[in-house]
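Asker: This is the structure I have questions about; it appears just below.
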Amino acid sequence: MKIKSLKEFYQFKPQVLPLRDFTLSNDLLQYIFHTRPDKCSFYSSISCDSGDFLLFDCGYSAPNSFLSRCTVVPIESPEELLHQLKELLSVNCSLDLTLSTLVVENVSDFYFSLKLNRNFVFYTDLTEILRDISVKYKCNVIVTSWDNHYERGYNYRAKDTDSEVDLTNESNKGTLDSITYLPKVYMDSFDHVLYKDKRYLRDENKWVLIHEPLTSTTGCHG
């Protein structure tokens, strides 16, 4: 695992990012984890040949096998995350040098403190900066978080009515409320959402379930 300042980060020519059964191309993706093996499976599906990764590690929970392939920026707070992203956005670089993929790992680490302080503007600021970075560097952006089983708290006892809602049902209006409690304005800023074995695509102001199941992959270690 390499740790260095953003200004030292050297960027190479852009490329798309293959992910299981689809490909990101200058897109914003939110991956919502349900279990630790789920997270490992996702990271192990990212090819070693997919270009240069810059990872902002909010929860110190990315698998070691993936961390070893990234330039890592440890993050301690929501304020530090926004500061570091703004620094990346302000870096002057040549047009032929472009970051391949930016990963913001585990924004759920800030969920309860932001909720307690009612700091919901953080999520809007975050997605605006991420979109600007994606445009400037022509790179893909991946943000990860845990689902609402985590967001309900460790003491929560599941109810029979807590099963996942069918988002293709008209009554659910293409929302992601059954998956995460992260603000709707935040979630709606992404192009794709992955959850369990499903992929949702943002289309005409609603989320559409892509019916092709994602191919499962081998888990990771560390």
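Computed from the coordinates by the stated procedures, all read-outs in this text should not be read as laboratory data. Predicted model only: the values in this text are computed from it and were never measured. So basically every Cβ, Gly included, is an ideal-geometry build from the backbone, and we count neighbours across all protein chains shown.
Asker: Calculate the length of the line joining the C-alpha centroid of the stretch 18-95 to that of the stretch 123-152, in whole Å.
Answerer: 10
Asker: Which FRET efficiency value, to the nearest 0.05, is calculated for residue 204 and residue 149 with the Förster distance at 25 angstrom and r the Cβ-Cβ distance? If you can, show how the numbers build up before the last one.
Answerer: Numbers: r = 30 Å, r/R0 = 1.18.
So, using R0 = 25 Å, E works out to roughly 0.25.
Asker: Can you sort 58, 40 from fewest to most other Cβ atoms within 10 Å of each residue's own Cβ?
Answerer: 40, 58
Asker: Beta carbons within 10 angstrom, averaged per residue: use that to sort the peptides 22-35, 135-148, 111-124, highest first.
Answerer: 135-148, 22-35, 111-124
Asker: If I model a spin label at residue 128 and residue 26 as a point 7 Å from the Cα along the Cα→Cβ vector, what separation in nanometres do I get?
Answerer: If labels sit at residue 128 and residue 26, their model points lie 2.2 nm apart.
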